Amino acid sequence: MIYSDNHNRIYIVLTTEVDKKNAQRIADLLMEDKLAPCVSFNNIESSFWWEGEITKSEEVQLIIKCQENNLKKLLNKISEFHSYQLPEIIYFPVSASKNYHHWVSSF
């Protein structure tokens, strides 16, 4: 069963980091400040345009879950501590099971 609460939305925030050490550092900062109850990691390969050339790199993707009232602080914290000059930061509201939604909302 999918649950949605428009007054207390949860968000998924995606960003990438150069390696697991930097990804874990951001995750720890977000969780220590109780801005996110959970961060997942994926090792990925990326291709992108940078400074006029196609660049390929291995990165770590962070999948961050947060509640709407923490979103602005969370985005600012990522921007402040990210290792990239221009970090990818993408976010969107999501629906989830009722129990998971309540768990995320409890932070």
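The values are calculated or read from the model by the stated rules, or taken from the named source; none is laboratory data. These numbers were taken from a predicted model, which means no experiment stands behind them. Cβ: placed from backbone, ideal geometry, glycine included. Neighbour counts: every protein chain shown. The area values use the complete protein model at the heavy-atom level, side chains included, leaving out ligands, DNA and RNA. Shrake-Rupley method; radii C 1.70, N 1.55, O 1.52, S 1.80 Å.
Details
- Filter on 34/77; 34/72; 21/73; 20/56; 77/98 - keep pairs with C-alpha separation over 20 Å: 21/73; 77/98
- Rounded accessible area of residue 91 (nearest 10 Å², 1.4 Å probe): 110 Å²
- Percent of Cα pairs exceeding the 17 Å cut-off, where the set is the chain: 53 percent
- Computed [θ] at 222 nm, helices only, for the chain once each DSSP H run of length n ≥ 4 contributes -39500 (n - 2.57): -9000 deg cm²/dmol
- On Cα atoms only, tilt of 20-32 relative to the major axis of the chain in degrees: 30 degrees
- Once all protein chains are placed together, residue 88 keeps about 70 Å² accessible to a 1.4 angstrom probe.
- In order along region 42-51, phi translates into HN-Hα couplings of 10, 7, 9, 10, 10, 10, 7, 7, 8, 6 Hz, rounded to whole numbers, per the Karplus curve 6.51 cos²θ - 1.76 cosθ + 1.60 with θ = phi - 60° and x for Gly and Pro.
- The accessible surface of the chain, taken with every protein chain in place and a 1.4 Å probe, is 51 percent carbon and sulfur.
- Residue 103 contributes about 100 Å² of solvent-accessible surface, heavy atoms of the protein only, 1.4 Å probe.
- Efficiency of FRET from Cβ geometry, residue 69 and residue 21, R₀ 35 Å, rounded to 0.05: 0.75
- Here the relative contact order of region 28-107, from alpha carbon pairs under 8 Å that lie six or more residues apart, stands at 32 percent.
- Only the Cβ atoms of Lys and Arg (+1) and of Asp and Glu (-1) were treated as charged; on that basis the dipole of the chain about its Cα centre amounts to roughly 500 debye.
- Once the Cα-Cα distance is subtracted from the 0.36 nm per residue extended length, the residue 61 to residue 98 segment shows a gain of 10.7 nm.
- Entry comment: accessible area of the chain is 64 Å² per residue, from protein heavy atoms only and a probe of 1.4 Å.
- Ratio Rg/Rh, restricted to region 23-71 and using Cα atoms, in which Rh is the Kirkwood radius: 1.13
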